[in-house]
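Engineer: I have a structure I would like to understand better, so I am pasting it below and will then ask my questions one at a time.
The values are calculated or read from the model by the stated rules, or taken from the named source; none is laboratory data. These figures come from a predicted structure and were not determined experimentally. Heads up, the Cβs are rebuilt from the backbone with ideal geometry, glycines too, and the neighbour counts pull from every protein chain shown.
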Amino acid sequence: MRPTGKPKDPRFSSGPTKKRPGWSSQSLNIASLGRSHRSSYCLERIHHLTGLMRHLLEIPENYQIAIIPGSCSAAMETALWSFLGPRPVDIVTFDVFGDLWAYDILHELKLQNTHILEAPVGHLPDLSKVHPAHDLVFTWNGTAAGVVIPHADWLHPHREGLVLCDAISAVFAMSFPWEKMDAVAFSWQKGLGGEAAHGMLVLSPKAIERLNTYTPPWPIPRIFRLTKEGKFSQNIFQGYTINTPSMLCIEDCIDALSWGMSLGGLPTLIARSRYNLQVVEEWVAETPWIEFLAHDPRTRSSTSICLRFIEAPDDWELPKAIAALLEKEGVAFDILGHTSSVPHLRLWGGPTIEPSDMKALLPWITWAHKEVT
Ligand SMILES: Cc1ncc(COP(=O)(O)O)c(C=O)c1O
């Protein structure tokens, strides 16, 4: 039967993701537009953003926060280029972005003493093999495979190596063990439904110590440089961004952070995302032809919810046809899975998605499945 109700908002893309409920360009403060980002007014807005970010994400007081050009990708590259080299590096990879970081470490930085811990799509590598004396590079939530690291118990609390984490599709939607992290990269275009192109880099005191005591052997482009004359550039972490940010994007991010705070902060955002996953889990449990890509239920991501068709696990035609039909019906936009992965549908379940919309979408997938098979 063709369902009667549709999701109020058909946007289920995994990035840029849907904006917060009730978002309007009219609600953005535009007083900073056309002003120098170094003016005291704009600096105050940048501080407001980083302050809200610290508060909402519960980032420890002794960690430093910077806005970095080039979104999460450049924030992560900044970390790789700035910190790696003095110790062996463990690279944990279980989806496309982990593979990209591994490639750059092996083939761009050309580091020799590396250990790759990898897993096939839908699985996590054996995390007990991570060595506490090595630096570690990994992604917390694999956006392209729907697999998430469920906890940080495997990370030694007093490890000697640094922990560099791509947390883009985890923060704002999952509890995150900041105290075990040293350099964390993310951007605004996932959990917050914010604009693209600006990255965040959050550093622990241990990471800053590395910047003060280690200079990589390779040249570091200015856009990735966190030091001045071999010492940590505090300015970058005090609102003096490396280059010119978009004040419009900053205002949009402040709007999203304020929304998160107004709901009650991180616990509410996490609960919204968890509820989206729960809604899908209930539907999958009663639908015989679909399953999660994540093999172990504890590793199911609540943001990038990846589902594959049991009857055609290697065939892109089925998810393609369903995604196209639902887009045509105005029910769901951009739900075809990431092409680097195995064939699947991917539903974004982050906190800006209304669980009522997720609920409304699922009978449409059942309907579309019948229509195209
Ligand atoms: C796990 C992961 N890392 C990094 C990125 C890149 O993010 P950005 O486009 O903000 O650089 C993405 C984007 O989807 C991602 O899913």
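Engineer: Would you check which residues across segment 279-293 are in contact (Cβ under 8 Å) with a residue 60 or more places away in the chain and either in a helix (DSSP H, G or I) or in contact with a Ser or Thr (Cβ under 7 Å, 6 or more places away or on another chain) (or both) and list them?
Structural biologist: V279, V280, W283, T287
Yes/no per residue for (1) among the basic types (K, R); (2) surrounded by fewer than 19 Cβ atoms within 10 Å (Cβ to Cβ); (3) more than 28 Å from T139 (Cβ to Cβ); (4) under 15 Å from the mean Cα position of the chain (by Cα):
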position: A31; (1), (2), (3), (4): no, yes, yes, no
position: S36; (1), (2), (3), (4): no, yes, yes, no
position: S40; (1), (2), (3), (4): no, yes, yes, no
position: L52; (1), (2), (3), (4): no, yes, no, no
position: L57; (1), (2), (3), (4): no, no, no, yes
position: L84; (1), (2), (3), (4): no, no, no, no
position: F97; (1), (2), (3), (4): no, no, no, yes
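Engineer: State whether the residues of segment 291-303 include one that is closer than 22 Å to R2 by Cα and crowded, with 21+ Cβ neighbours inside 10 Å.
Structural biologist: Within segment 291-303, none of the residues are closer than 22 Å to R2 by Cα and crowded, with 21+ Cβ neighbours inside 10 Å.
Engineer: Still on this structure, I have one more. Among the residues of segment 141-166, which ones are away from the ligand (no atom under 16 Å from the Cβ) and of a type in the set (D, E, K, R)?
Structural biologist: If the condition is that a residue be away from the ligand (no atom under 16 Å from the Cβ) and of a type in the set (D, E, K, R), then D153, R159, E160 are the ones that fit.
Engineer: Out of S169, S187, S175, S204, which single residue is assigned by TED's automatic domain parsing to the domain that holds Q64, within 23 Å of G350 (Cα to Cα) and more than 16 Å from the ligand (Cβ to nearest atom)?
Structural biologist: Matching residue, one of S169, S187, S175, S204: S175.
Engineer: Residues in segment 294-324 that are assigned to a helix (DSSP H, G or I) and at pLDDT below 95: how many?
Structural biologist: The qualifying residues number 0.
Engineer: Can you work out which of the residues in segment 72-121 that are at negative phi and of a type in the set (D, E, K, R) is modelled with the lowest pLDDT?
Structural biologist: D95
Engineer: Something else now. Name the single residue, out of those in segment 82-101 being more than 15 Å from A185 (Cβ to Cβ) and assigned to a helix (DSSP H, G or I), that is farthest from the ligand (Cβ to nearest atom).
Structural biologist: So, considering only residues that are more than 15 Å from A185 (Cβ to Cβ) and assigned to a helix (DSSP H, G or I), the one farthest from the ligand (Cβ to nearest atom) is D99.
Engineer: Still on this structure, please answer the following. In segment 59-69, how many are under 20 Å from the mean Cα position of the chain (by Cα) and either part of a helix (DSSP H, G or I) or surrounded by fewer than 19 Cβ atoms within 10 Å (Cβ to Cβ) (or both)?
Structural biologist: Looking only at that region, the number is 2.
Engineer: Look through P7, P3 and report the one residue that is in contact with an Asp or Glu (Cβ under 6 Å, 6 or more places away or on another chain), farther than 20 Å from Q189 by Cβ, outside the structural domain of Q64 (by TED's automatic domain parsing) and in a loop (DSSP other than H, G, I, E, B).
Structural biologist: Selected residue: P7, the only one of P7, P3 that is in contact with an Asp or Glu (Cβ under 6 Å, 6 or more places away or on another chain), farther than 20 Å from Q189 by Cβ, outside the structural domain of Q64 (by TED's automatic domain parsing) and in a loop (DSSP other than H, G, I, E, B).
Engineer: Filter segment 194-218 down to the residues that are farther than 13 Å from N62 by Cα and surrounded by fewer than 21 Cβ atoms within 10 Å (Cβ to Cβ) and list them by number.
Structural biologist: Residues satisfying the conditions are E195, A196, A197, L211, N212, T213, Y214, T215, P216, P217, W218.
Engineer: For the list (1) among the charged types (D, E, K, R); (2) within 13 Å of T78 (Cα to Cα); (3) within 16 Å of the ligand (Cβ to nearest atom), I need the number of the one condition that R225 fails.
Structural biologist: (3)
Engineer: Which of the residues belonging to segment 138-176 are farther than 26 Å from S13 by Cα and either touching a helix residue (DSSP H, G or I) at 6+ places or on another chain (Cβ under 8 Å) or modelled with pLDDT of 95 or more (or both)?
Structural biologist: The answer is A152, D153, W154, L155, H156, P157, R159, E160, G161, L162, V163, L164.
Engineer: To continue, here is another question. Considering each residue of segment 337-353, count those that are part of a loop (DSSP other than H, G, I, E, B) and closer than 30 Å to S24 by Cα, and give that number.
Structural biologist: Within segment 337-353, residues that are part of a loop (DSSP other than H, G, I, E, B) and closer than 30 Å to S24 by Cα number 7.
Engineer: Hey, does segment 34-51 have a residue that's assigned to a helix (DSSP H, G or I) and within 16 Å of the ligand (Cβ to nearest atom)?
Structural biologist: No, every residue in segment 34-51 fails to be assigned to a helix (DSSP H, G or I) and within 16 Å of the ligand (Cβ to nearest atom).
Engineer: Still on this model: Among (1) part of a loop (DSSP other than H, G, I, E, B); (2) within 16 Å of the ligand (Cβ to nearest atom), which single condition is F138 missing?
Structural biologist: So the condition that F138 fails would be (1).
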